[in-house]
Amino acid sequence: MRLKKLYVVIAAYNEEKNIAEVIKKTKKNCKNIIVVDDGSKDKTYSKAKKSGVGVLKHIVNMGKGAAVKTGCDYALSKGAKVIVLLDADLQHDPDEIPNFLKSLKKVDIVFGYRKLDENMPVVLRYGNWLINKITKLLYDINLRDTQCGYRAFTASTYKKIRWKAADYSLESEMIANTGKQHLRYKEIPIKTIYSDIYKGTTVIDGIRIIFNLLIWRLGKWF
């Protein structure tokens, strides 16, 4: 399924080993691809450019939240009507983009969720469980996997959920804003490969996310 106004945003940091393959697979489902190189120190930028897609670059590493926002803002400036977010490390299968688009027809935003199995690092499994419960308590949004970055939303939805977080808190702030705006949402299962247990959200990131969830809720109350 292809949409002229569909854009895929891929934030990448030191992903020279994976970025070309991710782009190749994504091209099967979308012709408008935006890669944001978040200050990589390797050849991520040059390899993405060789793949023939739009590539933006942060001079220094600013964090995943900042990189994704840069890509989404750029996509909107190009007339995007639907935006899909996926990671650059091959943990998300681009062939599942049509599933997101199908589900998005009846809601404002679609969240992907990873199945909890023995391949998920223990720290991620229990950390995600705790964040999921706190999110439900504070924002009345019941998700199986609040930290999965594979998501799709409309352009109008992006304007309502646009986050301030520059780090990994973007996923949670996006959900918090979804709750505050009373947006319609759906969660669909995705296939995920945990190729690097040390990559991504750390324990410190998790603590920061929980702290931010509380701060955002207090801001709503007061």
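The values are calculated or read from the model by the stated rules, or taken from the named source; none is laboratory data. Predicted model only: the values in this text are computed from it and were never measured. Cβ coordinates were reconstructed from backbone atoms using ideal geometry, including for glycine residues, and neighbour counts include every protein chain displayed.
Some observations on this one:
- Helices (runs of 4 or more DSSP H) enclosed by segment 148-222 - at least 3 residues per element that are modelled with pLDDT of 70 or more and under 18 Å from Val82 (Cα atoms): 155-161, 170-180
- Every residue from segment 155-173 that is hydroxyl-bearing (Ser, Thr, Tyr) and in contact with a helix residue (DSSP H, G or I) (Cβ under 7 Å, 6 or more places away or on another chain): Tyr158, Tyr168, Ser169, Ser172
- Residue, nearest to Lys105 (Cα to Cα), within segment 146-178, restricted to residues that are touching a Phe, Trp or Tyr at 6+ places or on another chain (Cβ under 7 Å) and of a type in the set (D, E, K, R): Arg151
- Residue count, segment 24-43 (criterion: part of a loop (DSSP other than H, G, I, E, B) and either under 15 Å from Val9 (Cβ atoms) or free of Cβ contacts under 8 Å to residues at least 60 places away in the same chain (or both)): 10
- Considered as a group, the residues in segment 44-74 that are surrounded by fewer than 19 Cβ atoms within 10 Å (Cβ to Cβ) and part of a loop (DSSP other than H, G, I, E, B) include one that is nearest to the chain's Cα centre (by Cα), and that residue is Met62.
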